[in-house]
1. Quote the convex hull volume per residue of segment 24-64, based on C-alpha atoms, as a whole number of Å³.
2. For the chain, restrict the atom set to alpha-carbon positions and state the Rg and Dmax in Å.
3. Measuring with a 1.4 Å probe in the full set of protein chains, what accessible area per residue, in whole Å², belongs to the chain?
4. What angle, in degrees between 0 and 90 and rounded to the nearest 10, separates the Cα long axis of helix 37-55 from the longest principal axis of the Cα atoms of the chain?
5. Can you check what the net charge comes to around residue 162, using other residues whose Cβ is under 15 Å from the Cβ of residue 162 (Lys, Arg +1; Asp, Glu -1)?
6. For segment 2-44, state the average projected area of the convex hull of the C-alpha atoms over all orientations, rounded to one decimal in nm².
7. Mind ranking 174, 148, 89 by accessible surface for me, highest first, 1.4 Å probe?
8. Pull up the cross-link candidates among the aspartates and glutamates for residue 92, meaning alpha carbon to alpha carbon under 19 Å and not fewer than 8 places away within one chain.
Amino acid sequence: MLDAEFFRRWMTATAAAVDREAERLTALDSPIGDADHGSNLQRGFTAVTAALEKEAPQSPGAVLTLAGRQLISTVGGASGPLYGTLLRRTGKALGDAGEVSESEFSQALRAGVDAVMALGGAAPGDKTMIDALVPAVDALGDGFTAARAAAEEGALATTPLQARKGRASYLGERSIGHQDPGATSSALLIAGLAEANGE
């Protein structure tokens, strides 16, 4: 069973990964976006870890809802609302339970990913964070390590795609050959799950 402490570890692991990879995320964002993806997420997840330390929510759903709220209020551009929606919707789907099973979490995360697709209008193959998140959720039934591998593969697979949504879509064919920064940061988020579980 997964408790609030597990979800706090997930957010802390993600924040550390974003910190480590911020320059790479910004470098990926430079040719096809605003060159601020890494710094924006860094600011957001720093705020998330600070808020979790201060408030110490007692249920998995409350941890993710608080994290999502922080990201929406501190991250600029599209990333804040998209990541915030992902975590808030997942948290809402988990409800007030003090512990959740991996399968309950998997269903809740799928609800979160569906909410992101509805908000951004993106589908798999559009060269967005969805290209990492959908395979990750599909693989979650096989465990967190499988989800991490699926997310990383999904992020890499965005490189040859032409962007059809988001800022990169304005570039048309010039977006081809660049790995999507949102899919890359989403893979970091999923990798944080495996790390939080000691994998």
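The values are calculated or read from the model by the stated rules, or taken from the named source; none is laboratory data. Remember, it's a predicted structure, so these values are computed and weren't measured experimentally. When we count neighbours, we look across all protein chains shown, and the Cβ atoms used for this are built from the backbone with ideal geometry, even at glycine. When the accessible area is computed, the model is the full protein with side chains, heavy atoms only, and any ligands, DNA or RNA have been set aside. Shrake-Rupley method; radii C 1.70, N 1.55, O 1.52, S 1.80 Å.
1. Value for segment 24-64: 73 Å³ per residue.
2. 15.4, 48
3. 43 Å²
4. Helix 37-55 sits at roughly 10 degrees to that axis.
5. Neighbour charge sum, excluding residue 162 itself: +1.
6. Values: hull surface 12.7 nm².
Answer in nm², one decimal: 3.2.
7. Numbers: 174 165, 148 60, 89 90 Å².
My answer, sorted largest first, is 174, 89, 148.
8. 3, 5, 55, 102, 104, 114
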